[in-house]
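Asker: I am attaching a structure below and will ask some questions about it afterwards.
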Amino acid sequence: MPSPPKTYLILGATRGIGLELVRQVLALNHRVIATQRSPSASLKVLKESYPDSMRILNCDVSDETSITEFVRNVGALAENGEFLSHEGDRKGLINTVVFNAGILTHPARITEFSSQFLIHLQTNTLGPLSTASKLLAHPRLCFHNLVFISSDSGSMGRWLDHEDGFAAYGMSKCALNMGVRHLAAELARKSKGGEDGMGEGEGEGGGKREEKGVPVVMAVHPGEVRTDMASAVELDWVVEGQMEVEESVRGVLDVVERKGWGGVEEMGRGEAGFWDWNGEVHPW
Ligand SMILES: NC(=O)c1ccc[n+]([C@@H]2O[C@H](COP(=O)([O-])OP(=O)(O)OC[C@H]3O[C@@H](n4cnc5c(N)ncnc54)[C@H](OP(=O)(O)O)[C@@H]3O)[C@@H](O)[C@H]2O)c1
């Protein structure tokens with residue numbers, strides 16, 4: 001039996017992994033809020049095919065004003081009740097947010113320090129975490145899964161010695177991972193303390209927010225994927241196991257279904273997971 005439609009919010013949806021996420025989620029009969037920085041012809045075409053299941057909003061995750069405006073616009077979709085389904089008595093439910101927007105400028109080395117370090121941190125680390133914080137604080141929104149597209153380049157536990165020139169990118173994803181772990185812990189602590197501030201207030205039981213009401217938080221490495229990001233860099237090494245974007249995205253969506261809210265291998269709250277696109281644990 002087909003599962004009831006869910007709502008996904010995909011940040012950075014104009015190209016590559018983000019655009020394919022939108023395509024696959026719509027093909028599965030779910031609803032999507034897709035974000036762009038500037039008008040995207042690809043998203044416009046999809047919207048023409050799925051006028052009822054799709055909304056397009058603007059968001060530049062490196063710009064706090066843009067993030068604030070974007071969160072207000074997401075909240076408006078809950079307020080008028082026309083797009084987001086309602087959880088409990090009054091919250092617009094977004095089942096899964098995918099923080100996918102990211103940049104990679106190569107090379108960016110510590111020994112040749114440049115403004116690229118700040119730009120990577122702003123876009124790949126602070127932007128997604130600030131957006132998550134603002135979404136969670138919105139009184140009319142609630143969430144089941146918060147999925148941050150990270151990278152094996154950000155792993156301390158599985159150091160990639162050959163990745164010359166990946167310092168700014170790797171640092172930004174490593175810091176993102178640490179932020180993701182703190183986010184999961186903070187949400188669980190706040191829920192146990194009965195403190196509001198996560199956008200949901202009361203748990204499903206109607207009393208204080210229960211642990212079950214806390215979103216599942218995860219970082220996902222999508223694999224080595226043939227996208228603009230990958231083709232824009234000239235490397236001295238062969239990238240092993242590169243795949244097409246369709247395969248990566250099928251895997252990412254499967255990980256969210258299995259490890260996310262209500263999944264058969266659903267994670268506990270308070271501890272974020274770091275997964276590869278194929279469902280294997282990635283060392284932090
Ligand atoms: N491809 C890989 O092999 C690989 C491996 C590991 C991790 N990742 C991660 O996967 C994610 C997607 O990568 P991709 O390969 O699909 O890259 P991509 O083809 O370059 O697409 C990047 C997307 O992010 C958006 N974006 C960039 N900066 C943004 C900003 N400041 N605000 C909002 N959106 C912004 C872009 O929008 P515009 O069209 O407006 O530029 C585009 O939609 C990234 O987080 C990346 O680090 C990719």
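Bear in mind that the values in this text are calculations on the coordinates, not laboratory data. Bear in mind that the values here come from a model prediction, so they are computed numbers and not experimental data. Neighbour counts are summed over all protein chains in view; Cβ atoms, including those assigned to glycine, are modelled from backbone coordinates with ideal geometry.
Asker: Taking the simple approach of a point 7 Å from Cα along Cα-to-Cβ for both Ser49 and Thr105, what is their distance in nm?
Answerer: 3.4 nm
Asker: Quick one: if you stick a label point 7 Å off each Cα along the C-beta vector at Glu280 and Arg258, how many nm between them?
Answerer: Here the answer is 1.2 nm between the modelled labels.
Asker: Per residue, how much space in cubic angstrom lies within the convex hull of the C-alpha atoms of the stretch 62-150?
Answerer: Working: hull volume 7.8 nm³, N = 89.
So the per-residue Cα hull volume is 88 Å³.
Asker: Something else now. Listing Glu271, Glu64 from the residue with the fewest other Cβ atoms within 10 Å to the one with the most, what is the order?
Answerer: Working: Glu271 11, Glu64 15.
So the residues, fewest neighbours to most, are Glu271, Glu64.
Asker: Count neighbours as other Cβ atoms within 10 Å of each site's Cβ, and list the chymotrypsin sites (Phe, Trp or Tyr not before Pro) in the stretch 237-278 that are DSSP loop with at most 11 such neighbours.
Answerer: Values: sites: Trp237, Trp261, Phe274, Trp275, Trp277; in loops: Trp237, Trp261, Trp277.
Of the chymotrypsin sites (Phe, Trp or Tyr not before Pro), the ones in loops of the stretch 237-278 whose Cβ has at most 11 other Cβ atoms within 10 Å are Trp237.
Asker: Multiply the residue separation of Arg140 and Glu266 by 0.36 nm, subtract the distance between their alpha-carbon atoms, and state the gained length in nm to one decimal.
Answerer: Values: separation 126, 0.36 × 126 = 45.36 nm, distance 2.52 nm.
Working it through step by step, the gained length comes to 42.8 nm.
Asker: With +1 assigned to the C-beta of every Lys and Arg and -1 to the C-beta of every Asp and Glu, and no other charges, what is the dipole magnitude of the stretch 84-154 about the Cα centre in debye, to the nearest 20? Intermediate results must be reported in sequence, preceding the final value.
Answerer: On the way: 5 positive and 4 negative charges, 47 e Å.
For this selection, approximately 220 debye.
Asker: Also, quick follow-up: Chymotrypsin sites (Phe, Trp or Tyr not before Pro) within the stretch 92-122: which are DSSP loop residues with at most 16 other Cβ atoms inside 10 Å? Please list the in-between numbers first.
Answerer: Numbers: sites: Phe99, Phe113, Phe117; in loops: Phe113.
When the chymotrypsin sites (Phe, Trp or Tyr not before Pro) of the stretch 92-122 are filtered for loop state and at most 16 Cβ neighbours within 10 Å, Phe113 remain.
Asker: If the cut-off is 14 Å between C-alpha atoms, which aspartates and glutamates fall inside it for Lys190, apart from same-chain ones fewer than 8 positions away?
Answerer: By straight Cα distance, Lys190 reaches Glu200, Glu202, Glu210, Glu211, Glu271.
Asker: Calculate the all-directions average of the projected area of the stretch 1-113's alpha-carbon convex hull, and give it in nm². Walk me through the numbers on the way to the answer.
Answerer: Values: hull surface 37.2 nm².
Here the figure is 9.3 nm², rounded to one decimal.
Asker: What distance in nm lies between label points placed 7 Å from Cα along the C-beta direction at Asp228 and Leu28?
Answerer: 2.5 nm
Asker: How big is the charge dipole of the chain about its Cα centre, in debye rounded to the nearest 20, if each Lys and Arg gets +1 on its Cβ and each Asp and Glu gets -1 on its Cβ? Don't skip to the end; give the middle numbers.
Answerer: On the way: 28 positive and 39 negative charges, 170 e Å.
That gives the chain a dipole magnitude of about 820 debye.
Asker: A follow-up question, please. Between the stretch 28-65 and the stretch 110-178, how many Å separate their Cα centres?
Answerer: Rounded to whole Å, the Cα centres lie 22 Å apart.
Asker: Now, a different point. Please report, to two decimal places, log10 I(q)/I(0) for the chain at q = 0.10, 0.14 Å⁻¹ as given by the Debye formula with identical point scatterers on the Cα atoms and no solvent.
Answerer: One equal scatterer on each Cα of the chain leads to -0.50, -1.00.
Asker: Sticking with this one: Which value at 222 nm does the chain reach when only helices count, each DSSP H run of 4 or more adding -39,500 (n - 2.57), with the total divided by all residues and rounded to the nearest 500 deg cm²/dmol?
Answerer: Working: 8 runs with 98 residues, N = 284.
So the helix-based figure for the chain works out to -11000 deg cm²/dmol.
Asker: Starting with the fewest neighbours, write out Lys44, Lys134, Lys173 ranked by other beta-carbon atoms found within 10 Å of each beta-carbon.
Answerer: Taking fewest neighbouring Cβ atoms as first place, the list is Lys44, Lys134, Lys173.
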